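Structure first, then comments.
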Amino acid sequence: MHKKSIILAAILMALAAGLATTAFAQHRGMGFGRNNGWMLKHMTKQLNLTEAQQTQIKGIMADEKTKIKPMMQQLRQNQQAEDANINGSFDENQARTFANKQAQLMTDLIVEKERMRSQVYAVLTPEQRQKALQLMQERQQHRQERMSKKQAEQKQQSK
């Protein structure tokens, strides 16, 4: 019985990892190089960027897009390869190989995103940096509030 529980948990984790990475890659596309036009417009409005800053940030985002595009493609290809291997049996080594590859790709994407953030941050004035930090904190607070509300709703529905 214990062995079956472990196998079931491993299958569910592998499936969840696959779904999560696919959803993350699609949902987080904005942070990983897509919709940068919107992001730049939003930053310009919120931080009152100069034309020179906009040009510099646009260049940073364009460079970043070329770096992450192959990584996003690898992430999708790895997921597709894993999906093609579903055959009703469980191979722990195969699941670990898939999970490790996805984790490495996600790590690389996050590192690139942080590199871009750092480069953009360097373009900002001290006042703009302060405002950007304030906006990020507010956004984080809103996210936490939404998650708390969602958890409360889920808890209520499960009763």
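The values are calculated or read from the model by the stated rules, or taken from the named source; none is laboratory data. Note that the coordinates shown come from a computational prediction; the quantities given were computed from them, not determined experimentally. For neighbour counting, all protein chains shown are included, and Cβ atoms are generated from backbone atoms with ideal geometry for every residue, glycine included. With ligands, DNA and RNA removed, areas are computed over all heavy atoms of the protein, side chains included. Shrake-Rupley method; radii C 1.70, N 1.55, O 1.52, S 1.80 Å.
Give me the residue from the range 79-113 that is over 27 Å from residue 62 (Cα atoms), acidic (Asp, Glu) and touching a residue at least 12 places away in the same chain (Cβ under 8 Å) and, out of that set, least open to solvent (accessible area, probe 1.4 Å).
Looking at residues that are over 27 Å from residue 62 (Cα atoms), acidic (Asp, Glu) and touching a residue at least 12 places away in the same chain (Cβ under 8 Å), I get 82.
Filter the range 49-61 down to residues that are hydrophobic (A, V, I, L, M, F, W, C) and touching a residue at least 24 places away in the same chain (Cβ under 8 Å) and give me whichever is surrounded by the most Cβ atoms within 10 Å (Cβ to Cβ).
57
Look through 151, 74 and report the one residue that is in contact with a helix residue (DSSP H, G or I) (Cβ under 6 Å, 6 or more places away or on another chain) and open to solvent by 70 Å² or more (accessible area, probe 1.4 Å).
74 is the lone residue from the list that is in contact with a helix residue (DSSP H, G or I) (Cβ under 6 Å, 6 or more places away or on another chain) and open to solvent by 70 Å² or more (accessible area, probe 1.4 Å).
Given the criterion open to solvent by 70 Å² or more (accessible area, probe 1.4 Å) and either touching a Pro at 6+ places or on another chain (Cβ under 8 Å) or closer than 21 Å to residue 68 by Cβ (or both), identify the matching residue among 134, 119.
Exactly one residue qualifies, and that residue is 119.
Only one of 140, 156 is without any contact (Cβ under 8 Å) to a residue 24 or more places away in the chain and under 16 Å from the mean Cα position of the chain (by Cα). Can you tell me which? Step through it out loud before you land on a result.
Values: 156 fails: under 16 Å from the mean Cα position of the chain (by Cα).
Selected residue: 140, the only one of 140, 156 that is without any contact (Cβ under 8 Å) to a residue 24 or more places away in the chain and under 16 Å from the mean Cα position of the chain (by Cα).
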